[in-house]
Each structure stands twice: as structure tokens, then as C-alpha cells.
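Bear in mind these aren't lab numbers, they're just calculated from the coordinates by the rules spelled out. This is a predicted model, so every value here is computed, not measured. No Cβ is skipped: glycine too gets one built from the backbone with ideal geometry, and neighbour counts run over all protein chains shown.
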Amino acid sequence: MALMFFAETVRAYRERDPAARSYLEIVLCYPGLHAVVIHGLSSRLWKHGWYTLGRFVSHIGRFLTGIEIHPGARLGRRLIIDHGLGVVIGETAEIGDDVYMYHQVTLGGTSSEHGKRHPTVGNNVIIGAGAKVLGAIHIGDGARIGANAVVIAPVPAGTTVVGIPARPVDRTGKKPRFDAYGTPCDPCLDPLLHEVDLLRSELTDLENRISSLARDRIV
């Protein structure tokens, strides 16, 4: 079973990463793959009550790959961690199938209490480089999280969020596709920029009305 999961993850890298030129290159040179394999061992130890040994194996994986995955975290199938350096996945994080994650992503907690405190990520989610997903929130299936976004609220399925704090981007009518780094490159506006443009438009309209009233009074 473990060999089957390994093989399908290698195939997923080959299919989705244009930089991957051979299966051998992926097996030997992809730290994201190595981190997932090491997590499989540390997670098995953790589940059997070997907590310290599980953490130690996880620590070795962090040293070798630059990716920190707590042995208590649950990873789905065909997880791709592209580049990977600086990724942190907390103890109670749960990740679905076919998730694509970039470097410096954090799935972190916002509480010091025991229990569920890290995100749950659905299937087919893309999380861009440097994004921080914080707290026991749910990221819906097919969601896109833009690079460097800070997500502190649940994200509905199929939604793209960007910014700090992350806000949805209107992509009505856009066909679902793979967004590199979770960041849309089509001409859709950042929600903050959109709000600023609306305010500017309203201000211009008010200035024109005031000028018109002032001219009428002079006349």
C-alpha cells in the first residue's frame, strides 16, 4: 500500500511539474517527495504511541529537506510540495488529496490549547508560496490561495483568495484551471484595489456635483 502511494505521488509530480524530466530525477532530487515519505514513517510511529521517536524522525526530515511536518498531521494522497523550503505543517492539520503547495507555506495554529487548532485543507487545493493559513479553519475543495496571503477565515469551495487578510477574488465566468502559486494571472482585480477604485469613482462624482452646485449659485 505504501509503495502504491509512493508511486502515484511520483507520477503526480511528473504530470504536474514541467521541470520534472524523469521519474529518477523526482525520486532523487525532490525534497517535497522526501518529506512526505519521511512523514509516513514518523506518522506511523506517532500513531503507535512512539511520540518522541516520531518527533525525532520528523526532526531528521526537517534537517534533510527544510520542510517541517508534524507526525500528527494527516496528509492526503498525491500531495505535491513544490520547492518546499520553509514549509511548516502543524500537528492537527489535515490535507486532502491532490493538493499542490509551494515553499514557505504555513499551516499553523492560533491557540495554545490542546485539540484541533490547525487548518483542514480539502481536495485539489493550491496554496501559493509564502501563504499562511492559520487556525482551525476549513479550506474548501478546489480553492486557490494566492502567494503571501494570510488566511484566517474559512474559504468556500472553488474560491480564490488573495491579500492580507485574504479576501475572495471575483472570478465569475472563469473556467477552473491550474493557477501557478495559487495566484490568478487573468485580469481580475485584487478586492482591495477594487474597493479603492470604487471610492475614487464616488469621490470624483461628488467633486463634480459640488462644482456644478457652486456654478449654479454663482449664476
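Worth a mention:
- Evaluated over the Cα positions of segment 30-122, the convex hull gives a direction-averaged projected area, one quarter of its surface, of 5.4 nm².
- Restricting segment 1-89 to trypsin sites (Lys or Arg not before Pro) that sit in a DSSP loop and have at most 12 other Cβ atoms within 10 Å of their own Cβ leaves R21.
- Residue-wise HN-Hα coupling along segment 163-169, computed from phi with Karplus coefficients 6.51, -1.76, 1.60 (Hz; x: Gly, Pro): x, 10, x, 5, 10, x, 10
- Size estimate for segment 50-92 follows the Kirkwood approach: the inverse of mean 1/r over distinct Cα pairs works out to 10.9 Å.
- Amide H within-cut-off set for T92, under 5 Å, with H built and near neighbours excluded: R117, H118
- Values of log10 I(q)/I(0), in the order q = 0.15, 0.16 Å⁻¹, for segment 70-140 under a Debye, Cα-only, solvent-free model: -0.40, -0.46
- Length added when fully stretched, R74-E202, from 0.36 nm per residue minus Cα-Cα: 41.2 nm
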